[in-house]
Amino acid sequence: MPGGILHISGPIKVIIGACALIGAYVVIDYFFTYTADAYVSADVVLVSPEISGFVTEVPVDRNKQVGAGELLMQIDPEPFALAVQEARAEEARALANLRRSEAEVQVAEAAVTAAVARVANLSAQQQRFEELTNNGFVTQQRLDNITLSLEEANAETDSARDTLRAAAHQVEVMRSTHEAAQAATALSQYNLRKSSLLSPVNGIVSEYSVNPGNYVLEGVPQLALITNSNWRIIANLLERHAARLKPGQTVFFQVSSDPYRIHKGTVRSIGRGVSRMDEMPRVLPYIPLTTDWIRLSQRFPVEIDMGEFLKSHRPMHGGDARVFLVH
């Protein structure tokens, strides 16, 4: 063929070049995956007070290691100590009322016993007087008086039993009141202990803004602890790439804190679902799909174990990372 490929027209060369580029992109995209949308992560514990109050002390330094159980923040304990005293006084009063009610039950039981004994005595007298009256030894008037006394004794017995039931019920009420007072005392003691905010884990104290004199609210995070455990890289991969991964697959990564070396890791887990909207509560990870006016393809989080890298390097939570792998 005269002239060979050099004589192919310009438009044909452009088409061939475009096809070659597209083919190369398809091959590379199919066999290779690379992303700079990745970061280093560790477990982070948000520390929130369980009570509200004024801060009197923050004895820990920023970005310093603390151990589990170490004091992070002290809330003014005086109001909670006073609440303990008040609760204990109320508990003592409730116990006194319970003991008094129990004593009233004993008195009521004795009254019932006495009333029953009087009824038994009068019943025996009535029976004997009936025999004597029939034989003419006792007048009918005396028998009527005994019968009337027996009826009064039966009424008194019924009344004593009602009083006993009321006293027993009052004991149950007082016992419940005492148990509630005991629970209130325990809760006040718990709140007093929680005025000292202790570190739940070993970790690094992050930056914080709380200072002595600030009023902190129950359940609002005041400090964060970066634990030295569960370090991993989280890479947001395109859906077509993430869907082909398997746990245990080899991955190569680079982190910004050690930018001149490539390390080997393994796929730990592949996210199988993300939220399409940034909403609360966020029970699925949310990955923004827009950057300014560009809409990105959907991505899914992939967790990557950092392997031997952790033995010789201390990573930084939230640091940049880059991931490369071959399918």
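Values computed for the structure shown
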{"quantity": "Fully extended contour minus Cα-Cα distance, from Val45 to Gln126, at 0.36 nm per residue", "calculated": "20.7 nm"}
{"quantity": "Per residue, in Å², the accessible surface of the stretch 186-246 once ligands and nucleic acids are set aside, probe 1.4 Å", "calculated": "51 Å²"}
{"quantity": "Net charge contributed by nearby residues that have their C-beta within less than 13 Å of Ser195 (K/R +1, D/E -1)", "calculated": "-3"}
{"quantity": "Computed FRET value (nearest 0.05) for Ala36 with Glu207, which takes r as the C-beta separation and R₀ as 30 Å", "calculated": "0.70"}
{"quantity": "Computed FRET value (nearest 0.05) for Tyr260 with Lys311, which takes r as the C-beta separation and R₀ as 25 Å", "calculated": "0.85"}
{"quantity": "Solvent-accessible surface (1.4 angstrom probe) belonging to Tyr34, in square angstrom, nearest 10", "calculated": "140 Å²"}
{"quantity": "Estimated vicinal HN-Hα couplings, Hz - the stretch 46-53 in sequence order (Karplus 6.51, -1.76, 1.60; Gly, Pro = x)", "calculated": "7, 9, 10, x, 8, 9, 9, x"}
{"quantity": "Fraction of accessible area attributable to carbon and sulfur, the stretch 170-260 (%, probe 1.4 Å)", "calculated": "55 percent"}
{"quantity": "Of all accessible heavy-atom area on the stretch 33-76, the percent that carbon and sulfur account for (1.4 Å)", "calculated": "48 percent"}
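The values are calculated or read from the model by the stated rules, or taken from the named source; none is laboratory data. In this text, all values refer to a predicted model and were calculated from it rather than measured experimentally. As a convention, Cβ positions derive from the backbone with ideal geometry for all residues, glycine included, and neighbour counts pool all protein chains shown. When the accessible area is computed, the model is the full protein with side chains, heavy atoms only, and any ligands, DNA or RNA have been set aside. Shrake-Rupley method; radii C 1.70, N 1.55, O 1.52, S 1.80 Å.
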